[in-house]
Amino acid sequence: MVPTPAQEAAAQHLIAARRARRQGDRLPESCRPADSEAALAIQRRVTELLGEPIGGWKAALPLPGKTRVAPIYASNIHSTSPCPVLGKVARIEMEIAFVMGCDLGPRAVPYSEAEVRAAISETRLALELLGGRYADAASVTAEEKLADGMENQGLFVGPVVPGGLDKKLDTFHVKIEGPGGVLLDREGSNPSGHPLAPLYWLANFLASRGESLAAGQIVTTGSYCGVAEVPLGAPLRMTFAGLGVLPVEFTAI
């Protein structure tokens, strides 16, 4: 689908911020998306202009009139520490992610939950890395955030959770510890009720639009602790109670 002039202008604005590795102004009023479809068109154009493969997705169950999905580019997915981030601190979300073992491509009949579940090859601990392209994120609309990939900066992929699909994944205790002590300690819960629910939705959302959820892609579906700010240059220990531990250190790009 060919973007409109306004969508092209918005995509160019966001691409400039990505390539400069800096946050900037919100989209000019003349090219701000008015709804989710316009925002998704800008997302697609950004992906085309970057020319990068999609290594994963972030997704949440939609709200009335609000689609919540964004690609995560392969170059922004990390699995070794130290993990590079933009900013003076790392803004992270503790999440459960699913690695796809086979393609779920376009088709007329919706995928069942059992089919989507059977397509998962691994369940992993993960940290979403946050950092959008707007300097004042509080001032922008939900549609502007959607156009910018829902503030995604990347993903840090942690260890496999053995037998993960059979574990209790809706709620569990989460803790973040650093050299100075405990940074976060609370009961966590997935905002969609269960982390698989947005994945079921995503598979059928993409299929209905002629797109695929591809083998090897990783899908993350919501934070168990909201947004946590953690320091750079310090060894950190993220505990997902009953599931595993994710050690990581962040460094500035």
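The values are calculated or read from the model by the stated rules, or taken from the named source; none is laboratory data. Values in this document were obtained by computation on a predicted structure and should not be read as measured data. Note: ideal-geometry Cβ built from the backbone for every residue, glycine included; neighbour counts use all protein chains shown. Quick note on the areas: whole protein, heavy atoms, side chains included, nothing else; ligands and nucleic acids left out. Shrake-Rupley method; radii C 1.70, N 1.55, O 1.52, S 1.80 Å.
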Pairs with Cβ under 6 Å, 6+ apart, first in the range 218-233 and of a type in the set (S, T, N, Q), second assigned to a loop (DSSP other than H, G, I, E, B) and open to solvent by less than 10 Å² (accessible area, probe 1.4 Å): T221/P195
Which listed residue is modelled with pLDDT of 95 or more and in contact with a helix residue (DSSP H, G or I) (Cβ under 9 Å, 6 or more places away or on another chain), from L199, L183: L199
Number of the condition not met by Y224 [criteria: (1) assigned to a loop (DSSP other than H, G, I, E, B); (2) over 14 Å from the mean Cα position of the chain (by Cα); (3) of a type outside the set (S, T, N, Q); (4) crowded, with 19+ Cβ neighbours inside 10 Å]: (2)
Only listed residue being assigned to a helix (DSSP H, G or I), touching a strand residue (DSSP E or B) at 6+ places or on another chain (Cβ under 6 Å) and either closer than 26 Å to F156 by Cα or open to solvent by 70 Å² or more (accessible area, probe 1.4 Å) (or both), chosen from A11, A39, A17: A17
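Quick grid of which residues meet (1) closer than 30 Å to V140 by Cβ; (2) open to solvent by less than 40 Å² (accessible area, probe 1.4 Å):
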residue: S30; (1), (2): yes, no
residue: G55; (1), (2): yes, yes
residue: P64; (1), (2): yes, no
residue: V85; (1), (2): yes, yes
residue: R91; (1), (2): yes, no
residue: E95; (1), (2): yes, yes
residue: P106; (1), (2): no, no
residue: V109; (1), (2): no, no
Residues of the range 116-157 satisfying the condition of being open to solvent by 10 Å² or more (accessible area, probe 1.4 Å), under 18 Å from the mean Cα position of the chain (by Cα) and of a type in the set (A, V, I, L, M): I120, L130, A137, A142, M150, V157
Residue tally, condition of a type outside the set (A, V, I, L, M), open to solvent by less than 60 Å² (accessible area, probe 1.4 Å) and more than 18 Å from the chain's Cα centre (by Cα), over the range 158-169: 2
From the options E113, E177, residue that is open to solvent by 20 Å² or more (accessible area, probe 1.4 Å), under 24 Å from P82 (Cβ atoms) and out of contact with any His (no Cβ under 7 Å at 6 or more places or on another chain): E177
